[in-house]
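Contents: one structure, followed by commentary.
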Amino acid sequence: MVFAGTSTGIAPAKLTKWLKVGELGRDGLHAIESEMISVSLVDHITVTEGTGMDLLDPFGVVAERLAGSGPFPVDASNLVKRAMDLFGVDAHVELEKSIPISAGLGGGSSDAACMFRLLGRADSVELAMKLGSDIPFCLKGGRAIVSGYGEKVEQLDYVDEQFALLLVPVAISTKLVYETFDRVGGEGQNHLLKSALECSAELAAVYDEVSELVGIRPHLAGSGSTLFYELDVVDWDDLIAGLLARHHRTAPGWFQFEASGLTVTLVRVNTLPPEVEA
């Protein structure tokens with residue numbers, strides 16, 4: 001089927017507020033239980049008649065991780081393209097990335113979920129699970145308890161919250177983090193924190209330095225490498241002031257600062273209700 005006309009949509013980042021990881025099952029997967037929310041760091045997708053994919057990277061969040069993640073796929077292996085292939089659709093896609101790759105923010109899954117919505121197939125949860133375990137939540141968005149292997153999504157009432165995301169320019173393999181979890185275990189708000197820090201000495205160094213600067217340890221988003229603070233616990237102005245000597249503003253709401261030899265991006269975001277994504 002050839003796509004006709006023009007459709008646009010947004011793909012919000014998925015923030016994992018807390019994550020409990022179960023034991024490894026015989027299928028090689030871990031059951032999880034987590035509270036996930038959609039936040040206002042978003043990718044933009046435009047679909048028109050034609051073929052191929054153009055990648056826009058206005059904040060450099062793709063380019064800064066190429067050494068760790070490799071080239072960003074714009075071919076049939078891209079999750080957006082794979083979503084289109086599930087429904088036999090040919091189209092040209094313009095993908096503007098603001099969500100870093102390999103950052104624990106579900107950017108690729110949210111992009112695929114956006115394409116499901118643009119194609120009018122937001123109810124195709126079983127097909128979505130074939131592409132990724134985060135996609136069922138991303139199809140619904142908002143705020144939810146997610147369990148099982150990602151297929152169980154229990155919608156919760158919307159809560160207006162704000163967060164400071166620390167986008168650490170390190171690409172971490174989710175597969176490697178879970179393999180390390182099988183060896184070292186986990187506890188606390190995010191069971192994957194210990195294994196993520198062990199997988200990346202760079203992330204561990206940033207985590208320790210930021211913890212000392214702010215006086216409060218940040219949380220880990222998903223399997224990393226994004227760290228975050230809840231802004232009802234840490235004041236945004238105090239956070240900026242604590243980094244004042246080493247930061248500069250790059251765009252509205254975007255700041256960068258140096259930590260352990262890396263340029264970390266600090267972004268203020270708020271929660272999004274489900275209807276914003278439709």
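For region 235-245, the count of residues that are surrounded by 17 or more Cβ atoms within 10 Å (Cβ to Cβ) and within 18 Å of the chain's Cα centre (by Cα) is zero.
The strands (runs of 3 or more DSSP E) found entirely in region 170-271 that carry 2 or more residues being in contact with a Leu (Cβ under 6 Å, 6 or more places away or on another chain) are 227-230, 254-259, 262-270. Taking (1) closer than 20 Å to ALA259 by Cβ; (2) surrounded by 23 or more Cβ atoms within 10 Å (Cβ to Cβ); (3) modelled with pLDDT of 95 or more in turn, VAL210 satisfies each apart from (3). Of everything in region 151-165 that's in contact (Cβ under 8 Å) with a residue 40 or more places away in the chain and surrounded by fewer than 23 Cβ atoms within 10 Å (Cβ to Cβ), which residue is nearest to LEU239 (Cα to Cα)? Applying the filter and picking the extreme gives ALA164. With the structure loaded, tell me whether LYS194 is touching a helix residue (DSSP H, G or I) at 6+ places or on another chain (Cβ under 8 Å) and either crowded, with 17+ Cβ neighbours inside 10 Å or within 21 Å of LYS20 (Cβ to Cβ) (or both) or whether it fails that test. The answer is yes for LYS194. Would you be able to tell me the number of residues in region 43-62 that are under 20 Å from VAL267 (Cβ atoms) and of a type outside the set (A, V, I, L, M)? Here the count works out to 6.
Within region 110-129, the set of residues being over 22 Å from THR48 (Cβ atoms) and either at pLDDT below 90 or surrounded by 24 or more Cβ atoms within 10 Å (Cβ to Cβ) (or both) comprises ASP123, SER124, VAL125, GLU126, LEU127, ALA128.
Within region 84-113, the set of residues being farther than 16 Å from ASP43 by Cα and in contact with a helix residue (DSSP H, G or I) (Cβ under 8 Å, 6 or more places away or on another chain) comprises MET84, LEU86, ASP90, ALA91.
Here the strands (runs of 3 or more DSSP E) wholly within region 71-168 that include at least 3 residues being touching a Ser or Thr at 6+ places or on another chain (Cβ under 9 Å) are 92-96, 143-148, 162-167.
Given the options ASP90, ASP75, ASP27, name the one that is within 29 Å of VAL168 (Cβ to Cβ) and loosely packed, with under 15 Cβ neighbours inside 10 Å. On inspection, the qualifying residue turns out to be ASP75.
Answer yes or no as to whether VAL177 is at pLDDT 95 or above, touching a strand residue (DSSP E or B) at 6+ places or on another chain (Cβ under 9 Å) and under 16 Å from SER223 (Cβ atoms). Taking the combined requirement at face value, the residue does not satisfy it.
Across region 64-72, not a single residue is classified as surrounded by 14 or more Cβ atoms within 10 Å (Cβ to Cβ), modelled with pLDDT of 90 or more and of a type outside the set (S, T, N, Q).
The values are calculated or read from the model by the stated rules, or taken from the named source; none is laboratory data. None of the values given here were measured: they were computed from a predicted structure. Note that each Cβ is placed from the backbone with ideal geometry, even for glycine, and that neighbours are counted across all protein chains shown.
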